[in-house]
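Undergrad: Have a look at the structure that comes next, please.
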Amino acid sequence: MIFITFDECLDDIYRSYMSVKYTIEGKKDSEVRDPQIIISIAAELQILPKKIDTIKITGSKGKGTVSRIVNNILVDTIKNNRVGLLVSPEEFDHNDRMKIDNKEISKEEFIRVYNLLKPTLLKHEENFKNLDYLSPSGLFLLIALYWFKENSVKHYVLELGRGAKYDEVGQIPSAIAVITSILDEHASYLGPEIKDIAFNKFYVHTNSDILILGPISSEVNQKYNIVDDEKLIHIDDNIDDISKPHWYLLDEKIAISAAFQYCEHNNLSTPKLSSKTVSSSFGIDYTSNTKVIYEPLVSRQSIDENFIKNLVANHKNLTVLASLPDDKDVTELIDFFKKQNIDIRLIILSGTRGYLHYEITNEIYKEIIIGDIFYQDIDSMVKIIDEFSLTSDALYLVGTHTYIRLVKIALKFNKEV
């Protein structure tokens, strides 16, 4: 079987999981996930990285941002050895999950590598029992590791999935492991209690030389007395900078520590730090006339008020372009911006992601709604950004991840045209 198109590969990557999805749905990872299936294939192919060459990052929030910042620091610092990055999920398309020196694998290369892996995958599937399956995240890991090995990658920055103990990346030994935060998230798969989630994620401590903990992870560790040894490095929450949201600056602080520890552990040169913002969630960009800031923001509690005050203080004409469906904290968020005398406008997203409902928004805030656009309508998003760039020196775009993804594509498209 030879796959010709990128979509054919993706369909096959999800085939094994989809065959058991409805049987394993609602079950805990400990009951239905066997990461050794993929790890054994990687070992057979001799593509597993060395422990000393690997950093892995887990956590309830922030792991993607930390992974990207660590990667960028290493790429900027280590000029003679290649750096491989694997993140999950994708930012725009599935091939951007994996990069070497910040260049993503092409779709043609993705197809070629998957075709090379397929005979080995089929051989292993022949011996599957009961509910065994090839996890999609594990298959993306295999593709990345094979491609990294082919291209002589020396340094590996690997983001885990939702857990660690039953996650394929969690099984890979590393010089440095990071737990950004531990929250009551994915409880039905990792819980039920936050203590259970914590013990799952702290599994990375068992096969890593140094463990770096964000402040929330440190608090959880202290509360449940999970790990107590000299390998731990605790990152505090003391940050004075208000040029970016606090959560991003904390992720940056964690990432810098991880990069420094990795370089010291491997006798590499001191890392070079960059002021460039690196996140799949938060970003600062520019149109021809206007600063554009975007952030997935769907609750009043998530607002960094000092960051907002700084935006207002430094921009005469700040406009918020938000997309906030009814299942989010729409009323509290809009009222907050209005109380700060910030001009806020609303965009409704329609289309196949029809779970985004806007009945309350339509009824109460119809006077500030500026458009109802398809959630993949790049042209309309570009026009909205361009229109408000004419009258604003800064745009702050907030809302769901669906909305922020469209914003990022529009900004990217605007630069390419």
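All of the numbers you see were taken from the coordinates with simple rules; none came from a lab. Keep in mind that what you see is a predicted model, and the values were worked out from it rather than measured. Neighbour counts are summed over all protein chains in view; Cβ atoms, including those assigned to glycine, are modelled from backbone coordinates with ideal geometry.
Undergrad: Report, to the nearest 10°, how far helix 63-77 tilts away from the longest principal axis of the Cα atoms in the chain, using its own Cα long axis and a range of 0 to 90°.
TA: 80
Undergrad: Follow-up question, since we're still on this one. So what's the net charge close to residue 365: Lys and Arg +1, Asp and Glu -1, counting the other residues with Cβ under 15 Å from its Cβ? Each step should come with its number before you reach the end.
TA: On the way: positive: 328, 338, 339, 345, 366; negative: 326, 329, 332, 335, 343, 359, 363, 367, 372.
Result for the local shell: -4.
Undergrad: A follow-up question, please. Given the options 198, 365, 301, identify the residue whose Cα lies farthest towards the positive end of the charge dipole of the chain (+1 on Cβ of Lys, Arg; -1 on Cβ of Asp, Glu).
TA: The one lying farthest along the dipole's positive direction is 198.
Undergrad: Compute the long axis of helix 136-150 from its Cα atoms, compare it with the longest principal axis of the Cα atoms of the chain, and write down the angle in degrees, 0 to 90, nearest 10.
TA: Its long axis makes an angle of about 70 degrees.
Undergrad: To continue, here is another question. Sticking with the crude label model, points 7 Å out along Cα→Cβ, report the distance from residue 30 to residue 413 in nm, one decimal please.
TA: 4.6
Undergrad: Would you work out the relative contact order for the chain, in percent, from Cα pairs under 8 angstrom that are 6 or more residues apart? Don't skip to the end; give the middle numbers.
TA: On the way: 708 pairs, mean separation 69.1, N = 417.
So the answer I get is 17 percent.
Undergrad: Compute the relative contact order of the stretch 283-416 as a whole-number percentage, counting only Cα pairs closer than 8 Å that sit 6 or more residues apart in sequence.
TA: Values: 211 pairs, mean separation 49.1, N = 134.
The normalised contact order for the stretch 283-416 reaches 37 percent.
Undergrad: Identify, among 348, 313, 400, the residue whose Cα sits farthest towards the positive end of the charge dipole of the stretch 283-416, taking +1 on the Cβ of Lys and Arg and -1 on the Cβ of Asp and Glu, with the dipole about the Cα centre.
TA: Value: 313.
Undergrad: Peptides 176-183, 249-256: what's the order by average Cβ count within 10 Å, highest mean first? Before the final figure, lay out the partial values.
TA: On the way: 176-183: 27.8, 249-256: 23.6.
Highest mean packing first, the order is 176-183, 249-256.
Undergrad: Also: Counting Lys and Arg as +1 and Asp and Glu as -1, what is the net charge of the other residues whose Cβ lies under 9 Å from the Cβ of residue 61? Don't skip to the answer; put the middle values down first.
TA: Details: positive: 63; negative: 185, 251.
Residues near residue 61 contribute -1 overall.
Undergrad: Something else now. Give the cross-link partners of residue 316 among the lysines, using a straight C-alpha distance below 28 Å as the criterion and excluding same-chain residues fewer than 8 apart.
TA: Counting by Cα, and skipping residues close in sequence, residue 316 has these lysines nearby: 244, 276, 291, 338, 339, 366, 383, 408, 412, 415.
Undergrad: While we're looking at this one, here's another question. Only four residue types carry charge here, +1 at the Cβ of Lys and Arg and -1 at the Cβ of Asp and Glu. Report the dipole size of the chain about the Cα centre in Debye, rounded to the nearest 20. Walk me through the numbers on the way to the answer.
TA: Values: 48 positive and 62 negative charges, 170 e Å.
Approximately 820 debye in magnitude.
Undergrad: Using the crude model of +1 on Lys and Arg Cβ and -1 on Asp and Glu Cβ, and no other charge, please compute the dipole size for the stretch 283-416 relative to its Cα centre, in debye to 20.
TA: Details: 15 positive and 20 negative charges, 71 e Å.
About 340 debye.
Undergrad: Ranking 18, 381, 1, 98 by Cβ neighbours within 10 Å, fewest first, what do you get?
TA: On the way: 18 12, 381 28, 1 8, 98 24.
If I rank by nearby Cβ atoms, fewest first, I get 1, 18, 98, 381.
Undergrad: Restricting the count to DSSP beta bridges whose residues both fall in the stretch 46-186, what percent are antiparallel, rounded to a multiple of 5?
TA: On the way: 5 of 18 bridges.
The antiparallel proportion sits near 30 percent.
Undergrad: Between helix 246-265 and the chain, what is the angle of the helix's C-alpha long axis to the longest principal axis, kept within 0 to 90° and rounded to the nearest 10?
TA: Once rounded, the angle reads 30 degrees.
Undergrad: On to the next question. Kirkwood-based Rg over Rh for the stretch 283-416 (C-alpha set), two decimals? Walk me through the numbers on the way to the answer.
TA: Values: Rg = 13.7 Å, Rh = 14.8 Å.
Ratio of gyration radius to Kirkwood radius for the stretch 283-416: 0.93.
Undergrad: Let me ask something else about it. How compact is the stretch 6-265 by the rule of thumb for globular proteins, expressed as Cα Rg over 2.2 N^0.38 Å? It would help to have the intermediate numbers written out before the result.
TA: Numbers: Rg = 17.9 Å, N = 260, 2.2 N^0.38 = 18.2 Å.
Cα Rg divided by the expected 2.2 N^0.38 Å: 0.99.
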